[in-house]
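FYI, it's all coordinate maths here, none of it is from the lab. Since the model is a prediction, treat every value here as computed from it, not as a measurement. Heads up, the Cβs are rebuilt from the backbone with ideal geometry, glycines too, and the neighbour counts pull from every protein chain shown.
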Ligand SMILES: *Cc1c(COP(=O)(O)O)cnc(C)c1O
C-alpha cells in the first residue's frame, strides 16, 4: 500500500473534521504556510532593502490580507475594489501599489484621492496623469520589457504582443511625457508572467529596468513583479527563490552603485504566497464507469476552480476518505453542464459515493476566480490559524443569487 505524502490535517486540525463541520465544497487555507512563504522570500532577498507587495488578486479574503500584513508584507492591487479591500484589512494607502490595466481615468483619480501610488500602464494614462497632477503626485511606470516568460501563453504578460505596460521601445516617448509634465517618477516596474521557473528571466527583466532607470533621477524603487512558480505535484520543480534572490540582489546592488543611490527592490508574489496554503475539499456525488473511463463527479466544478479548464493547470487531488488505500484511475469532473474536468487520468485511493476529495494548490486564483455559473453557490472559506479552524467566508445561500436581480411585474 503506498504511503501518501498528502496531508490529512493542517496544524493538527483534520481536513475531514473541517469538511464535516463546515460542509463541502470548502476552501481551506493554512495561515502558517503563508507566513513561512513570506519568511522564505525575506531570507532569499536579505542582502537588499526588500519590499514584498502581495498581488492580492490571487486571494483577497480580508483575513488573508491581515495575515500578510502581520508578516510584514505590503500589497499590489489591480482594481479600486482591491484597494478598498486592502484598506479594510488595515493597510495604509502608503502600503498599497495600484497596478491597473486600461481602467477609466476616474478610477485612477479615486486611487490618488485615497493616497495610493499608481503604476502608469500606458502613454495615454501618463498624459492624463500629467495633465491632472503634474509633479505633485509621485508615480511608477510599468514597462513592457518584451520578454517571453511564464508557464504558458495565457499567463505570459511581458512579451511584445502583450497589452500590459509601456513598450521599452517607446522609452523616448515616455521621457517626452515625463518632461512635458515634469512627472515625478519614483519607481519602474515589470511583471512578465506567472510560473516563471528560470531565475535568469528575472535577471533579464532586471537588466531592462537597470538600463531604463538611468533616465529617471528620482527613483526610490525598482519593482520586479511576481510570477514565482510553485510545486504542483511531487517532483515538480519550483522557482529557486534563493537563486533568484542571490543573482538579482547582486545585479541590483551593482546597479545602485552606478545609479549613485540605494533603492528599494520590490517583488509582487501572488501564487508563491498563497497557492500551496490552499485546499479545495469536495464530496464525491457519483462514480460513473463508462466503456473507456471511470469518472468521479463531485459537488464543485469550474465555477469554483477554473484553473484546470482555463490554463490547463494541474491540481493534485487525493481521496481524503481513503488516502492510503488501493488506487484506481479516474477523471475527476465537476457538476457544471459543460465539460469541466478538474483532474484527468489520476490514480487515487478507490472512491465511493460520499468520499471527500481534496485538491491541492487551491489558494491562488481559486476562490478569487470563482463564479455563480449554473446558478451554483460559491463555497465557504476556512482559515486554519493557531491550531484552530475559523470560518472566514460563509457559504453563499440561495437568496444571494437573487439579491441584485430586479424582478419586474410582468
Ligand atoms: C498577477 C500579478 C502578479 C502576481 O503573479 P503571480 O504569478 O501570482 O505571482 C504580480 N504583479 C502583477 C502586476 C500582477 O498582475
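Points to keep in mind about this one:
- Note on the range 305-380: Cα-only Rg and Dmax are 12.8, 36 Å.
- Most mobile listed residue (181, 45, 356) in the chain, GNM with C-alpha springs under 10 Å: 181
- Measuring r between the beta carbons of residue 153 and residue 258 and using R0 = 51 Å, the FRET efficiency lands at 0.90.
- The range 99-269, Rg to Rh (Cα coordinates; Rh as Kirkwood inverse mean 1/r): 0.98
- Rounded to 5, the percent of DSSP beta bridges in the range 186-338 classed as antiparallel: 35 percent
- Rounded to the nearest 10 degrees, the inclination of helix 123-133 to the longest alpha-carbon principal axis of the chain is 70 degrees.
- Highest-first arrangement of 304-316, 140-152, 157-169, where packing means the average Cβ count within 10 Å: 140-152, 304-316, 157-169
- Fraction of alpha-carbon pairs over 15 Å apart in the range 98-157 - percent: 52 percent
- Dimensions in Å of the range 357-397 - Rg and Dmax from alpha carbons: 11.7, 37
- Residues 155, 34, ranked from the fewest to the most other C-beta atoms within 10 Å, line up as 155, 34.
- Average silhouette area of the chain, convex hull of alpha-carbon atoms, in square nanometres: 22.8 nm²
- At R0 = 56 Å, FRET efficiency that the Cβ-Cβ distance of residue 288 and residue 46 yields, to 0.05: 0.60
- Summary of the geometry: the range 140-195 and the range 294-351, compared by the centres of their Cα atoms, lie 38 Å apart.
- Footprinting exposure proxy ranking of 340, 355, fewest other C-beta atoms within 10 angstrom first, gives 355, 340.
- Equivalent ellipsoid semi-axes - Cα gyration tensor, the range 170-326, angstrom: 46, 18, 12
- Taking the number of Cβ atoms within 10 Å of each Cβ as an exposure proxy, the fewest-first ranking of 54, 279 is 279, 54.
- With Cα atoms as the point set, the radius of gyration and Dmax of the range 258-410 evaluate to 19.2, 72 Å.
- When the convex hull of its Cα atoms is viewed from all sides, the range 5-140 shows a mean projected area of 11.0 nm².
- Three-way shape call for the range 277-330 based on the alpha-carbon gyration tensor, with the a/c threshold at 1.5: oblate
- Volume of the Cα convex hull of the range 218-272, divided per residue and given in Å³: 65 Å³
- Estimated 222 nm signal from helices in the chain, with DSSP H stretches of n ≥ 4 weighted -39500 (n - 2.57), rounded to 500: -8500 deg cm²/dmol
- Fraction of beta bridges assigned by DSSP in the range 99-269 that are antiparallel (%, nearest 5): 5 percent
- Beta bridge orientation in the chain: antiparallel %, DSSP, nearest 5: 45 percent
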